[in-house]
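Take a look at the structure set out below.
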Amino acid sequence: MAVPYGKRFPIEFDELFPEGAYVVGAVTAVTEYQSQEDKARNRPVRPRLDEVSGLPLFKVTIADPSAEKDRDKSITVEIAAKVQPVPPPAVNGLPFRPVVLEGLTVQPRAEASGQAKWITWVARATGMRAVGEQKASHGPHAKPGAAMAADARSAAA
């Protein structure tokens with residue numbers, strides 16, 4: 001069986017996070033590697049771009065309460081988006097923010113340490129929203145009449 005290099009497999013949020021997911025910390029931009037020479041010459045830091053979509057990458061740490069092993073209790077998810085995603089507000093002052101990740105994919109990656117070798121998974125998303133919030137009504141999955149209704153409202157104003 002031949003699987004193309006770099007293949008990403010779509011996965012439903014509830015399948016990957018059956019007990020939900022929680023943002024821990026801040027969303028930060030992923031940047032390209034900058035050598036000491038680059039820093040010494042004051043070269044600008046460039047954002048790293050997603051190979052598939054060409055969009056800038058951001059990363060966020062997600063707590064997964066359904067993880068069986070301690071090492072899997074938190075993962076870093078890369079989000080490809082035009083602008084930096086904003087996590088939902090904190091609930092009751094807790095440091096964890098419940099979140100739903102949209103457009104999830106996973107990609108296998110081989111890891112090695114000495115003689116030991118294993119497969120890990122890289123999780124990527126296209127966006128995030130608060131639990132209970134409806135999906136965005138724009139983009140390729142928008143309802144057909146949504147744009148016309150918005151145009152009608154703006155024309156009436």
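The values are calculated or read from the model by the stated rules, or taken from the named source; none is laboratory data. Not measured: the values here are computed from a predicted model. Please note: Cβ atoms are built from the backbone with ideal geometry, for glycine as well, and neighbour counts cover all protein chains shown.
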Next item on the list: Could you list, in sequence order, all residues of the stretch 44-66 that are among the hydrophobic types (A, V, I, L, M, F, W, C) and either surrounded by 13 or more Cβ atoms within 10 Å (Cβ to Cβ) or farther than 15 Å from THR126 by Cα (or both)?
Entry: VAL45, LEU49, LEU55, LEU57, PHE58, VAL60, ILE62, ALA63
Note to self: Going residue by residue through the stretch 96-106, is there one that turns out to be surrounded by 10 or more Cβ atoms within 10 Å (Cβ to Cβ), over 14 Å from ALA123 (Cβ atoms), in contact with a Phe, Trp or Tyr (Cβ under 7 Å, 6 or more places away or on another chain) and of a type in the set (S, T, N, Q)?
What the structure shows: no
Next item on the list: Kindly list the number of the only condition in (1) more than 26 Å from THR31 (Cβ to Cβ); (2) at pLDDT below 90; (3) part of a strand (DSSP E or B) that fails for THR120.
Entry: (1)
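Here's a check for you: in the stretch 41-61, which residue that is of a type outside the set (D, E, K, R) and assigned to a loop (DSSP other than H, G, I, E, B) is farthest from the chain's Cα centre (by Cα)?
ASN42
Of the residues that make up the stretch 76-93, is at least one of a type in the set (D, E, K, R), surrounded by 11 or more Cβ atoms within 10 Å (Cβ to Cβ) and either touching a residue at least 12 places away in the same chain (Cβ under 8 Å) or in contact with a His (Cβ under 9 Å, 6 or more places away or on another chain) (or both)?
Checked the stretch 76-93: at least one residue is of a type in the set (D, E, K, R), surrounded by 11 or more Cβ atoms within 10 Å (Cβ to Cβ) and either touching a residue at least 12 places away in the same chain (Cβ under 8 Å) or in contact with a His (Cβ under 9 Å, 6 or more places away or on another chain) (or both).
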Next item on the list: Filter the stretch 62-74 for residues that are at pLDDT 90 or above, under 19 Å from GLN107 (Cβ atoms) and assigned to a loop (DSSP other than H, G, I, E, B) and give the result.
Entry: ASP64
Check: Out of all the residues in the stretch 15-40, which are surrounded by 12 or more Cβ atoms within 10 Å (Cβ to Cβ) and part of a helix (DSSP H, G or I)?
Finding: LEU16, ASP38
